[in-house]
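Accompanying notes for the structure given below.
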């Protein structure tokens, strides 16, 4: 197991390297002089020259990359042009809402999708199956922000059950915190539910036909027991894999959902930074999200041995 | 990330290409293909016929007619003093532009983006994928780059790319194409790898077929079916991503009527005038749904073995 973890960690290095190069190139590919864009319209040529020196833009590109990656590895993500503070500090401040939203969404999505998928597979070909699959295609197709505004309109404005927008820190009371997270989490969970339910159905269907399931039935086990102990456990690997891969959708969705619900998290920060052409912040957030995505999928890979003892490395 | 995208459609490659007539019949008999295809065709038709569908200039600002609710009848005075009454079926936005006209014209941008992204990313992905699958020395490097690109969530990469230069239609298309290419490359490569081992390819090699000939005659036709399915899904996702970029305000310039832009415009007054978001949202959802259903149907009819599984 340990050598496998080592090899797996080594394998993420080239991936991370490509991510780092792409994120670095984002600024360097700009049409025009990044220093001039950063300086703004009213800058003098001295200002532009000063910024160019400060950012090291007058050096060869390879050298720039080495300096930048060195700084990033030491936790120095540079200074935000727009917010006028260290990007790392900015990220720490915006972390809580995004983590809260992502965790809530993940829990909600898994709690909804897995039972739905199992149900659809178990009642294959019936109206239940068709309804679940139909809803799943629908979930893929309705954009996050349309779902968000529909929910705000119906639940918050028409019915007045929940607050419309905003975020409250956990430290300021759990009630207000969770109250403001319900709608955004449902919004964000829908596409995720669609994805997980589909894969759950497919992988449960495959296991349902296996010999050991027939044996379990033959020895008189009830449906619940067969489904939970014999089917779901064996169907777990693809489901967990797709949960990991779906994190990419989740991250994309966070950016949109935070904008719809006015949540001051990392997603909102990304959009604000892009609109303000605040490149260090854009780079840092994209890098952070990508690293998180790669690490989550690394954990998913490592979890296979726990889920399925037959998998040995 | 291994086992990351075992694209289900890749299994198609093992099947010999069915006769054309059979495929066409299967496709038209499939209800999903018919349903999705019909709606998509309608949207394309609407996009093409936008000027004759009772629309007015989608960019015309009329301060007097700001924020009319759907169905409102408004009369405007013409230059010669006569009055013309106009019904705003979908209301007007906060600049007095007719939402119906904007939604109808918005279909053009969505269709354009969907079609071009699907086409460009498939062609680019096809070329890179075939080369990576066939030339072993290229494979390692190309696939590491693709893995890296795929580790950046698509919407973030697109947002990062549009932040580079002033966004316009071309930048947006490019920004959506780049994150999609690796997915096509992986698919094509996996198909090519499995075909290389087929006896008939070995036979062709033994008969002295040259590599380019081999690729065109034997490899390309086999990638066609999974690629068509993949392109449909790319089209759906491209339409969505374009709308998201516009909605966030980082996409196509706000004066251009796109579904995302109309919704972005309606955000401020959403609580009082929800129609600015609901109508374009409905069109967007319906279109993406149609394309996704079409994709599902194509996958089913091009590879019947997968029907029961996904």
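The values are calculated or read from the model by the stated rules, or taken from the named source; none is laboratory data. Bear in mind the structure is a predicted one, so any value in this text is a computation, not a measurement. Note: ideal-geometry Cβ built from the backbone for every residue, glycine included; neighbour counts use all protein chains shown.
Filtering A:50, A:113, A:121 for residues that are more than 14 Å from chain B (Cβ to nearest Cβ) and buried (at least 16 other Cβ atoms within 10 Å of the Cβ) leaves a single hit, A:113.
Quick one: is residue A:116 within 21 Å of residue A:199 (Cα to Cα), modelled with pLDDT of 85 or more and over 19 Å from the mean Cα position of the chain (by Cα)? So that I can check it myself, show each step before the final result.
Values: within 21 Å of residue A:199 (Cα to Cα): yes; modelled with pLDDT of 85 or more: yes; over 19 Å from the mean Cα position of the chain (by Cα): yes.
So residue A:116 fits the description; yes.
Which residue is nearest to residue B:277 (Cα to Cα), if the candidates are limited to segment A:131-158 and must be crowded, with 19+ Cβ neighbours inside 10 Å, more than 7 Å from chain B (Cβ to nearest Cβ) and without any contact (Cβ under 8 Å) to a residue 60 or more places away in the chain? Residue satisfying both the conditions and the ranking: A:147.
Going through (1) within 14 Å of chain B (Cβ to nearest Cβ); (2) assigned to a loop (DSSP other than H, G, I, E, B); (3) touching a residue at least 24 places away in the same chain (Cβ under 8 Å) one by one, residue A:19 falls short only on (2). Of the residues B:226, B:280, B:257, the single one that is surrounded by 22 or more Cβ atoms within 10 Å (Cβ to Cβ) and within 11 Å of chain A (Cβ to nearest Cβ) is B:280.
Looking only at segment A:22-39, filter to residues that are away from every other protein chain (no Cβ under 12 Å) and at pLDDT below 70; which one of those is farthest from the chain's Cα centre (by Cα)?
Step one: of segment A:22-39, the residues away from every other protein chain (no Cβ under 12 Å) are A:33, A:35-36, A:38-39.
Now narrow it down to the ones that are at pLDDT below 70: A:33, A:38.
On the way: A:33: 32, A:38: 29 Å.
Result: A:33.
Being under 23 Å from residue A:235 (Cα atoms) and crowded, with 22+ Cβ neighbours inside 10 Å is the filter here, so list the residues in segment A:68-110 that pass it. Matches in segment A:68-110: A:105, A:109.
Where in segment A:198-313 are there helices (runs of 4 or more DSSP H), lying fully within it, with 2 or more residues that are within 8 Å of chain B (Cβ to nearest Cβ) and at pLDDT 80 or above? Before you say what the answer is, go through the steps one by one.
Working: elements: A:211-218, A:233-245, A:247-260, A:266-275, A:279-307.
Once the helices (runs of 4 or more DSSP H) in segment A:198-313 are filtered for at least 2 residues that are within 8 Å of chain B (Cβ to nearest Cβ) and at pLDDT 80 or above, what remains is A:233-245, A:247-260, A:266-275, A:279-307.
Within segment A:216-263, the set of residues being farther than 21 Å from residue A:112 by Cβ and within 17 Å of the chain's Cα centre (by Cα) comprises A:255, A:258, A:259, A:263. Within the option set A:267, A:253, being farther than 13 Å from residue A:94 by Cα and out of contact with any strand residue (DSSP E or B) (no Cβ under 6 Å at 6 or more places or on another chain) holds for one residue only, A:253.
From the list B:129, B:114, which residue is crowded, with 23+ Cβ neighbours inside 10 Å, more than 11 Å from chain A (Cβ to nearest Cβ), closer than 23 Å to residue B:233 by Cα and over 14 Å from the mean Cα position of the chain (by Cα)?
On the way: B:114 fails: over 14 Å from the mean Cα position of the chain (by Cα).
Checking each option against the conditions leaves just B:129.
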